[in-house]
Amino acid sequence: MHFKPVAVNTAGMRTVQITRASFRKSILFAATVSLAILPALSSSADQAQDILKKMEGVYKTAKSFESSINIKQSGKSPDGKSVSASTMQQVRYKAPNLFTVLMKISLVGGPAKNKSQTEQIVSDGKMVYQYNPQKKEYVKRPVPPSLPLPQFLQLVMQRLSLPRPGIPNTTLGKPTSLNGHAVNTIQIRPGTATAPPFSFLIDKKTSHLLKITVTSPKINIDVDMSDQKMNANINSSVFAFRIPAGAKEVQPTAPGARGPGGPGTPPGIAPHGGR
């Protein structure tokens, strides 16, 4: 007796064979796509690092620097109320350690309520002076013999440092523009889960850092750097501090204390003692 294969079995076998073949093709396709994406991600990171290297070179080799640096911060006070701070600074720097900072600080909300004050910080290459016009008081300390521009900017920008090449988790964002400048957007995500992401906008043509943005549920920070001039001829007389009439010298508090200039106070300067 001859038996004829059941059609459904034959059809079922063929169906399984086709499914396996499709599955193998899907795996190969997914692997191909993954391999195509990986070089793109790597390329984005490499491009971001190249941009950071160029920017670092501009600031490390600068002999002089001028800029308006405005810092805006907003967040919540410990009791949950909205607070904000704005710091407007006119800065001049000349290597190796000359600088002057004219600063206006405005505070809204929090324990200080609404408050504003001005400060002047000057390094003549030997001493650095911090003058508070509201109190007509100044403090002075020796200035380090060498203060590279990136380190000076880190202090002026309230501990936000220039992004350095080699920082992990760095990617190149979409091209954009800022105040008529074509810029590259560098995004950095710190390794810790609680650390907020950073965005750095860097001028494509000059490699100048134009803006830093930090966004998190607890605090938002915007740093804008405008009117930047590199390697201009700045007369050293600009960095001479002349003690205003009626001003008196006071002793600084211990290093590291928070002063009227906030955490951005340059090195060698501490807030007025207990005032």
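Couple of notes before you dig in:
- Boolean, Val223 is in contact with a Pro (Cβ under 6 Å, 6 or more places away or on another chain), among the β-branched types (Val, Ile, Thr), in a strand (DSSP E or B) and within 30 Å of Gln120 (Cβ to Cβ): no
- Residue count for the stretch 140-192, restricted to those that are of a type in the set (Lys, Arg) and part of a strand (DSSP E or B): 2
- Answer residue from the stretch 120-139, given it is polar (S, T, N, Q) and outside any loop (DSSP other than H, G, I, E, B) and is farthest from Lys248 (Cα to Cα) among those: Ser123
- Criterion (surrounded by 15 or more Cβ atoms within 10 Å (Cβ to Cβ), over 30 Å from Gly246 (Cα atoms) and of a type outside the set (Lys, Arg)) met by exactly one of Thr206, Thr213, Thr176: Thr213
- The set of residues from the stretch 49-83 being of a type in the set (S, T, N, Q) and farther than 30 Å from Ser236 by Cβ comprises Gln49, Gln73, Ser74, Ser77, Ser82.
- Within the stretch 73-95, the residues that satisfy the criterion of being over 30 Å from Pro145 (Cβ atoms) and either modelled with pLDDT of 95 or more or of a type in the set (S, T, N, Q) (or both) are Gln73, Ser74, Ser77, Ser82, Ser84, Ser86.
- Yes/no for Glu119 being more than 23 Å from Gly57 (Cβ to Cβ), acidic (Asp, Glu), touching a Gly at 6+ places or on another chain (Cβ under 6 Å) and in contact (Cβ under 8 Å) with a residue 24 or more places away in the chain: yes
- The sole residue among Ile243, Ile212, Ile221 that is modelled with pLDDT of 85 or more and over 24 Å from the mean Cα position of the chain (by Cα) is Ile243.
- Among the candidates Gly268, Gly259, residue that is closer than 30 Å to Thr61 by Cβ and modelled with pLDDT under 85: Gly268
- Subset of the stretch 96-119 that is assigned to a loop (DSSP other than H, G, I, E, B) and at pLDDT 95 or above - its residue that is farthest from Gln158 (Cα to Cα): Pro96
- Here Pro133, Pro163, Pro96, Pro78 are screened, and the one residue that is surrounded by fewer than 16 Cβ atoms within 10 Å (Cβ to Cβ) and under 30 Å from Val58 (Cβ atoms) is Pro96.
- Residue, nearest to Arg189 (Cα to Cα), within the stretch 48-75, restricted to residues that are surrounded by 16 or more Cβ atoms within 10 Å (Cβ to Cβ) and either in contact with a helix residue (DSSP H, G or I) (Cβ under 7 Å, 6 or more places away or on another chain) or small (Gly, Ala, Ser) (or both): Ala48
The values are calculated or read from the model by the stated rules, or taken from the named source; none is laboratory data. The model shown is predicted, which means the values in this text are computed figures rather than measured ones. No Cβ is skipped: glycine too gets one built from the backbone with ideal geometry, and neighbour counts run over all protein chains shown.
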